[in-house]
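Just below is one structure, and these are the notes that go with it.
The values are calculated or read from the model by the stated rules, or taken from the named source; none is laboratory data. Computed from a predicted structure; not experimentally measured. For neighbour counting, all protein chains shown are included, and Cβ atoms are generated from backbone atoms with ideal geometry for every residue, glycine included. Ligands, DNA and RNA are excluded from the accessible area calculation, which covers all protein heavy atoms including side chains. Shrake-Rupley method; radii C 1.70, N 1.55, O 1.52, S 1.80 Å.
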Amino acid sequence: MSGTSGSSDVREGKLHEPVLLAEVLAQLDPREAGRYLDGTVGAGGHAAAILERSAPSGRLLGLDVDPSALVAAGRELARFGDRAVLARANFAVCDDVARQHGFAPLDGIVLDLGLSSIQLADEERGFSFRARGPLDMRADPDLRDTAADIVNTWAEPDLRRIFAELGEEPEAARIAGAIARRRMKAHFVTADELGRFVAGVKTRRPRGIDPATKVFQAIRIAVNRELENLNAGLAAAVRVLRPGGRLAVISFHSLEDRIVKTFTREAERGCTCPPDFPICVCGNEPLMRALSRRPIRPSADEVAENPRASSARLRVAVKV
Ligand SMILES: C[S@@+](CC[C@H](N)C(=O)[O-])C[C@H]1O[C@@H](n2cnc3c(N)ncnc32)[C@H](O)[C@@H]1O
């Protein structure tokens, strides 16, 4: 392996299980001598399978914003030698990074959005409403604002907006107001403290999920600028794929899936501008064709073995 970067600060709880692995391989169809990019390499599960299928000469560039994920990926991919290259980078600029590493144009790209089980289980990172660690939630430790910065300093209307828009939380206004009053007395410090507070404020109990789930989702998306990165990453992916190259995206909630679906539809019509652009500025010919109209869902067996897969949806498009 070459180009590995990252800290030695790996806190692996249980290993991360790659979701929809067989489906990603079937759709991406990795070939010998192909060049692939995993924009969310995580613990390297999808990347290792792509390298196995493209043996003996296929190569893969794995990106992650989290140095500790790159350490885990480095271990998993070491057996592939210099066929695997790792770089600490945001997939939002995957076209530039692929060019810098001599990988462009690419035969296939996979984006497995969100966070790995290793990150979610790490109490010190504060992603879970049960975590006793600090309210942090940054996948990229170099980001400036933590979850605590957002909860303790953002104006109440901004909190209300992200809870409603990024969390689809029906009690967004009530929760934002309660947080704004409480933080005047004492700032929120730990993740479980906020989790318990939100659960106490809500008047309705959602079925099957913790009452704080949607608020935590909203804060995590805001901290990591997940939707902005996804919009930029999809546009960058189209730029760096070769004709016939495939883009596979696994999303875990409806906001992400809507962005991927809209982007593919626009790219089929000819526009490659991000979905939130008010007008088309690219003026391009049709660039992508969706391989299926409906997203691919995990099997009942996969969900039984790995409950994290239950909300996963895979969409695949080919560059025309
Ligand atoms: C669901 S995990 C990927 C797991 C991986 N497919 C595997 O099989 O082990 C998502 C990974 O993407 C990383 N990530 C999230 N947003 C990113 C971004 N914008 N650019 C690069 N990496 C990102 C996270 O740090 C995390 O390690």
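Things to note:
- Residues of region 19-59: accessible area per residue with a 1.4 Å probe, Å²: 35
- Top of HIS46, HIS16, HIS101 by mean-square fluctuation, Gaussian network on the chain, Cα under 10 Å: HIS101
- Carbon plus sulfur fraction of accessible area for the chain, probe 1.4 Å, in percent: 50
- J(HN,Hα) series, region 98-107, from Karplus relation 6.51 cos²θ - 1.76 cosθ + 1.60, nearest Hz, glycine and proline x: 4, 5, 4, 9, x, 9, 8, x, 9, 8
- Enclosed volume per residue, in Å³, of the convex hull spanned by Cα atoms of the chain: 131
- Sparse packing (at most 15 other Cβ atoms within 10 Å of the Cβ) combined with a DSSP loop state is found for the following GluC sites (Glu not before Pro) in region 82-183: GLU168.
- Converting the Cα gyration tensor eigenvalues of region 124-224 into ellipsoid dimensions via √(5λ) gives semi-axes, longest first, of 18, 15, 13 Å.
- Estimated FRET transfer efficiency when R0 is 22 angstrom, pair ALA55-ARG75 (beta carbons, to 0.05): 0.70
- Averaging the Cα positions of each part gives two centres, and for region 12-48 and region 107-175 these lie 25 Å apart.
- Computed lengthening from ILE209 to GLU124, 0.36 nm per intervening residue step minus Cα-Cα distance: 28.4 nm
- Accessible surface calculations at 1.4 Å, restricted to protein heavy atoms, place region 139-265 at 44 Å² per residue.
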